[in-house]
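These notes concern the structure reproduced below.
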Amino acid sequence: MAPTDLEGRRAQDLFVLDRVKIQAWDRILFVQCGDGWIVEEAWRRAGRAYVCGLDTSEADIALAIQLRAVPGKVEFKTWDGQCLAAADRAFDRVVAILSPLQATPTVLRDLSRVLRRDGDVYFLYPATADAEMRKALGQAGWPPVQEVARSGDEIVVLVHAPGEPSARSGTGSE
């Protein structure tokens with residue numbers, strides 16, 4: 001029996017959560033969080049963290065708010081796919097689940113803006129787009145990313161970049 005879309009998404013979410021460094025008191029942002037399950041599960045694992053999930057789907061965010069929101073601890077917001085609705089340097093960890101079409105230079109630079117200087121960002125994207133995504137990240141000023149893992153079926157790649165890209169790559173600053 002083939003997995004449903006929901007089962008596939010849960011497997012992908014667990015793949016990410018089992019590999020991303022999450023600690024108590026962290027402020028964590030998930031970009032393209034779907035129905036918010038990954039956000040809620042990260043909060044459960046971290047204990048005292050603040051976790052925010054963004055998605056371009058109003059329906060997914062409405063469902064996430066209804067099922068999973070905990071005011072001041074687990075929050076969900078829609079975003080326009082271009083500009084993150086978050087303050088500068090607001091997050092210790094950012095997990096961005098992006099397709100190559102979503103990984104525009106504007107979005108990739110905005111991920112840097114919301115990440116604390118000593119924070120970590122993780123990108124999850126289709127394995128077939130690995131070269132394209134690495135090129136886009138480099139063009140947006142991110143240092144070379146380190147591969148954390150590939151799913152066993154070679155569907156997705158999780159990569160990690162520490163800290164602020166412009167500070168590490170020497171290309172401008174805010």
Seminar exercise, completed: All-but-one check, Q82 against (1) under 22 Å from A103 (Cα atoms); (2) within 13 Å of the chain's Cα centre (by Cα); (3) not in a helix (DSSP H, G or I), failing number (2)
Exercise. Could you say whether any residue in the stretch 141-151 is at negative phi, aromatic (F, W, Y) and either in a strand (DSSP E or B) or at pLDDT 95 or above (or both)?
Worked result: no
Problem set entry | Top-ranked residue of the stretch 109-136 - restricted to ones that are assigned to a helix (DSSP H, G or I), out of contact with any Phe, Trp or Tyr (no Cβ under 7 Å at 6 or more places or on another chain) and aliphatic (A, V, I, L, M), ranked as surrounded by the fewest Cβ atoms within 10 Å (Cβ to Cβ) | A131
Exercise. Looking at the stretch 11-30, is at least one residue within 26 Å of E154 (Cα to Cα), among the basic types (K, R) and not in a strand (DSSP E or B)?
Worked result: yes
Exercise. Do the conditions hold for I22, that is, is it surrounded by fewer than 22 Cβ atoms within 10 Å (Cβ to Cβ) and either touching a helix residue (DSSP H, G or I) at 6+ places or on another chain (Cβ under 7 Å) or among the aromatic types (F, W, Y) (or both)?
Worked result: yes
Problem set entry | Test set (1) at pLDDT 95 or above; (2) over 21 Å from V159 (Cβ atoms); (3) touching a strand residue (DSSP E or B) at 6+ places or on another chain (Cβ under 6 Å); (4) in a loop (DSSP other than H, G, I, E, B) - K77 fails condition number | (4)
For this session: Please indicate, with yes or no, whether at least one residue in the stretch 85-97 is in contact with a helix residue (DSSP H, G or I) (Cβ under 8 Å, 6 or more places away or on another chain) and exposed (fewer than 15 other Cβ atoms within 10 Å of the Cβ).
Result: yes
Exercise. Is it true that some residue in the stretch 36-46 is at pLDDT 95 or above and not in a helix (DSSP H, G or I)?
Worked result: yes
Seminar exercise, completed: Only one of (1) under 21 Å from I155 (Cβ atoms); (2) out of contact with any Leu (no Cβ under 7 Å at 6 or more places or on another chain); (3) modelled with pLDDT of 95 or more does not apply to V51, and that is (1)
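Condition test on I61, is it in contact with a Cys (Cβ under 9 Å, 6 or more places away or on another chain), modelled with pLDDT of 95 or more, of a type in the set (V, I, T) and under 20 Å from G81 (Cα atoms)?
Working: in contact with a Cys (Cβ under 9 Å, 6 or more places away or on another chain): yes; modelled with pLDDT of 95 or more: yes; of a type in the set (V, I, T): yes; under 20 Å from G81 (Cα atoms): yes.
When the stated conditions are applied, I61 passes them.
The values are calculated or read from the model by the stated rules, or taken from the named source; none is laboratory data. All figures in this text were calculated on a predicted structure; none of them were measured in a lab. Note that we place each Cβ from the backbone using ideal geometry, even for glycine, and neighbour counts take in every protein chain shown.
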